[in-house]
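The values are calculated or read from the model by the stated rules, or taken from the named source; none is laboratory data. Just so it is clear, the model here is predicted, and its values are computed rather than measured. Note: ideal-geometry Cβ built from the backbone for every residue, glycine included; neighbour counts use all protein chains shown. These accessible areas exclude ligands, DNA and RNA; they are computed on the full protein's heavy atoms, side chains included. Shrake-Rupley method; radii C 1.70, N 1.55, O 1.52, S 1.80 Å.
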Amino acid sequence: MDIVKLERISDMLRSQVESGAAVGCSAYVLKHGQPIYRANAGMADAARGIKWTNDTIVRLYSMTKPVTAAAAMILLDRGQLDLFDKVSWYIPGFRNQTVLNENGRVPVQNEICIKDLLDMTSGLPYPDRSFPAGAVMQDLYDKICEEVAAGHPTDTMGYANRIGQQPLAFQPGEKWMYGTSADVLGAVIETVSGKKFGDFLRDELFEPLGMADTDFWVPEEKLGRFAENYEERDGKLVPCLWQHLGLTYLCRKPPEFQSGGAGLCSTMDDYAAFAEMLLNEGEYHGRRILSRNAVRYMTMNQLTEQQLAPLNWEQHVGCGYGNLMHVATDERKAGISTREGEYSWDGWLGCYWANDPKNGYTFMYFVQRCGGLGGRPLRMIKQIVYGAED
């Protein structure tokens, strides 16, 4: 590996800060779990004068989703959960659901099952007033945020029960739609395991993997490492004082609602341990976390072309989807920086992660900017690494 060429990653990060695209950001590349290159640029919190460092803590947002999928796989390995179990068996609010579209409401033909949650084919939308079911979900989220502000928060199971009582955007299994599936899956895991979702994650994933800085909140003694979240206003990045998807607690106190779709905070080292476990087919430093079979299933495309049709995001080109992650299926469409079989996901604030099992690479890019910067930074990091190979 040509280290001089890898320095281009640092140049890229610095250019993002200098151009005002990011206040701070970082990159980390590993091969077979061994660090190859890492770099940081800018500030984690400009107002507090905190530089971005290796142990900076960030909000993962949707990079929480693969962790939730892995937690479900643990229960599948143990025979405590089955892919085709009905969600209503575990969450009463999912009984007697309906579908709402422009033509009105109709009954659900087939109940949502666990596989629908893992593959985002449940019909459960995120809040979005551009279509009928999304508008109803927006009303629910607005109501829950009001309750939190009034000191009456809803817990994970309560959240899921209320989500289940809202209409679906389409019949389960019909197609892909980004939505609240992972949050509901967190509540299912609570029911099956008999533990709070966060406790299950800690016992089964975070402690075995040494992920000491990963949780649904950041305690006071770690706030000196916690990155600020920024949004663009009038061409400048300023602190963002609101939180997406109902996470109104700003990650500074333990939440009642532990969001399986967006709630975790973490560091690069912690997430790298999770990535290494998957790259090692479920084993981490001699301890088995998931079976090889579970990892094989978790990291393969699960959807047909018809189901995938709505997923037309830039970073999804040439990819399938399954178990809350992209899975690369066509290098010709995905570009020179992606290998077939690579799996990945990102978050609303721009954090991005990918495993390339074919070559043993783990790629990571972290930033805290509302809406992120798209898939370009991670693609550039991958291109630099592949270009630096001997």
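Observations on the structure shown:
- Sorted largest first, extent of the range 304-390 alpha carbons per principal axis (Å): 40, 30, 20
- Beyond 31 Å in Cα-Cα separation lie the following of the pairs Lys51/Lys333; Lys51/Lys358; Lys115/Lys333; Lys31/Lys196; Lys5/Lys358: Lys51/Lys333; Lys51/Lys358; Lys31/Lys196.
- Entry comment: accessible area of the chain is 41 Å² per residue, from protein heavy atoms only and a probe of 1.4 Å.
- Diffusion constant of the range 1-93 at 20 °C, which comes from Stokes-Einstein with the Kirkwood Cα-pair radius and 1.002 mPa s, µm²/s: 127 µm²/s
- Cα-only Debye scattering, the range 178-244: base-10 log of I(q)/I(0) at q = 0.18, 0.20 Å⁻¹: -0.91, -0.98
- Total charge dipole magnitude, the range 273-357, about the Cα centre, Cβ charges on Lys, Arg, Asp, Glu only, Debye to nearest 20: 260 debye
- Our summary of shape: the Cα atoms of the chain have principal axis extents of 61, 45, 40 Å, ordered from largest down, in whole angstrom.
- Euclidean distance between Cα centres, the range 1-43 to the range 255-314, Å: 23 Å
- Dipole magnitude (debye, nearest 20) for the chain, charges at Cβ of Lys, Arg, Asp, Glu: 220 debye
- Taking one quarter of the surface of the convex hull spanned by the alpha-carbon atoms of the range 43-106 gives a direction-averaged projected area of 9.2 nm².
- Accessible carbon and sulfur surface of the range 1-157 relative to its total accessible area, %, 1.4 Å: 49 percent
- Cys351, Cys370, ranked by accessible area, largest first (probe 1.4 Å): Cys370, Cys351
- Dividing the convex hull volume of the alpha-carbon atoms in the range 228-340 by its residue count gives 187 Å³ per residue.
- With the convex hull drawn around the C-alpha atoms of the range 77-116, the volume per residue stands at 66 Å³.
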